[in-house]
Every structure is written in C-alpha cells, then in structure tokens.
Amino acid sequence: MERVQSVLQALRTGNQRFVEGKMRYPRQDETTRMALTRGQTPRAVVLGCADSRVPPEVIFDQGLGDLFVVRSAGNIPDVYALASIEYAVLVLQTPLLVVLGHTQCGAVRAAIEAARPTPALGALVDAIRPSVEAAETSSVDDIVAVHVRRVAATLPARSEILAQAVADGRLVIVPALYHLGTGVVEWLEMGDWRVGIEDEEGRVCL
Ligand SMILES: [Zn+2]
C-alpha cells in the first residue's frame, strides 16, 4: 500500500504542476525512450474518457512508461478495455487503477438524453444509464461523479483477476473527476459504493 500512496502522490503533484502551468514534461527524453525498449512498469492504470480535452499524461504531467491508459467514451470498460486493465494488473503488476471521469462529459450527457443514433452508441448509452438512474440528480457533473464510482465498484465483480488483486492488497481502485475549466483532478471517495455485482437494473449489490 505504501507504493500506492507514493504513486497517488506523484499523480497529485503532477496534476498540481499542470494546474499551475509549471509542467516538467518528465521522462520524455531520448534516454528514457531507449531505456523503455527493455520493458515497461507503469505506475498507474488510467481508465479514462476518450474526450480530447482529458489526456491523462498531460493532466498528470507524466512521461513515457508512466501511465497505462485505456480510454473509451464515458470511460466504459468493455471486454477489450477490461482485458487491457487485467494485463496491466496481472503482468505488469500495476498497483493503482484510476477511473477518471470529467465534467461536461458528452457520453454521460447522451445517456441522460437517452440518445441512440446508432446501435453502437445505443450500447454505450445503455452502459452508462444505470449511473444516471442511480444519481438521482440532473446535474451532468454529479452524474459523472456517481458514474466513476459505479465503474470502480463493478470492475472487480467483472474480473476475477482484479477482485483477487484488490483482496490481496495488490491493487487499489480510485475514482476521480477531472474539472475541464480548472484542470484539477478531484479524488473521490467511494462513499456508499462498494465492490459488488450489478443486478438487471444496473444497481450494485454486495
Ligand atoms: Zn467524456
């Protein structure tokens, strides 16, 4: 757990540099690039939104080999995203998984409006809808805050590898909310959300 705390601290301070416009652009030099041809040991997995305004390496001021990033609209983990996360945890032994949402998320907004312009977008909306139902608010940002907690809570229920890693203390899953305007990453508590499985209505049950 000590390793997780130091990784969280590195992300906090990196985000602080980004917010203050004091980026160091660390580990983006030729030496690092060459050293990384021997392999990777990323300090964190980030499951983030595909939104062009939320690139994890930029907002955390991290470098090559630092973050194992999986992105999809609305930070929804489909089976391939889940496989990528499992690889990072199982093979690379990455100790921290950040589920990173952001304010004004278009995918969450589409879920609120229940927009289904194509089958694929409809499936995405369906995957986010339980968060909209659970949030009991019409605020997009408040729903995103619920959504990242819900995704964080359900990931281990969908993956034996992740569940075991959490149980063994080898993995910590943290929900976070990026604020588009300020650049601040707000670290969220799980609150009432606990790791569990979803029922047919998308509620997380223990
Ligand atoms: Zn988004």
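Each reported figure results from applying straightforward, stated rules to the coordinates on display, with no laboratory input. Every value quoted in this text rests on a predicted model; they were computed, and no experiment measured them. In this analysis, Cβ positions are derived from the backbone assuming ideal geometry, glycine residues included, and neighbour counts consider all displayed protein chains.
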Other-chain or far-sequence residues with amide H under 5 Å of Arg71's (modelled H) = Gly48
In a Debye calculation with equal point scatterers on the alpha-carbon sites of the stretch 1-107 and no solvent, what is log10 I(q)/I(0) at q = 0.11, 0.17 Å⁻¹?
-> -0.35, -0.85
Just Ala153, Ala88, Ala134 to compare: in a GNM of the chain, with alpha carbon springs under 10 Å, which one fluctuates most?
-> Ala134
Net dipole in debye of the chain [+1 Lys, Arg Cβ; -1 Asp, Glu Cβ; about Cα centre; nearest 20] = 700
Charge dipole (the chain, unit charges on Cβ, about Cα centre) - positive-most of Ile85, Phe60, Leu96 = Phe60
Does anyone have the angle between helix 119-135 and the longest principal axis of the chain? Alpha-carbon axes, 0 to 90°, nearest 10?
-> 80
Any idea how far apart Glu189 and Asp78 come out in nm if each label point goes 7 Å out from Cα toward Cβ?
-> 3.6
Using only the C-alpha atoms of the stretch 1-59, find the volume of their convex hull and express it per residue in Å³.
-> 117
Quick one: Karplus J couplings for the stretch 42-54, per residue in order, coefficients 6.51, -1.76, 1.60, θ = phi - 60°, nearest Hz, x for Gly and Pro?
-> x, 7, 8, 9, 10, 9, x, 7, 6, 3, 5, 8, 10
Between the DSSP loop rule and a limit of at most 16 other Cβ atoms within 10 Å, which GluC sites (Glu not before Pro) in the stretch 1-71 are left?
-> Glu20
tail above 25 Å in the computed P(r) of the chain, as % of all Cα-Cα pairs, reads 35
List the relative contact order of the chain as a percent without decimals, with contacts defined as Cα pairs under 8 Å and 6+ residues apart.
-> 21
So what are the radius of gyration and Dmax for the Cα set of the stretch 83-140, in Å?
-> 14.7, 40
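Gain in length, Arg27 to Ala120, computed as 0.36 nm per residue apart minus the alpha-carbon separation, to one decimal in nm?
Extending this stretch completely gives an extra 29.8 nm.
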With runs of 4+ DSSP H residues as the only contributors, calculate the mean residue ellipticity of the chain at 222 nm using -39,500 (n - 2.57) per run, divided by the residue total and rounded to the nearest 500.
-> -13500 deg cm²/dmol
For the Cα atoms of the chain, what angle does the longest principal axis make with the long axis of helix 2-19, in degrees from 0 to 90, nearest 10?
-> 90
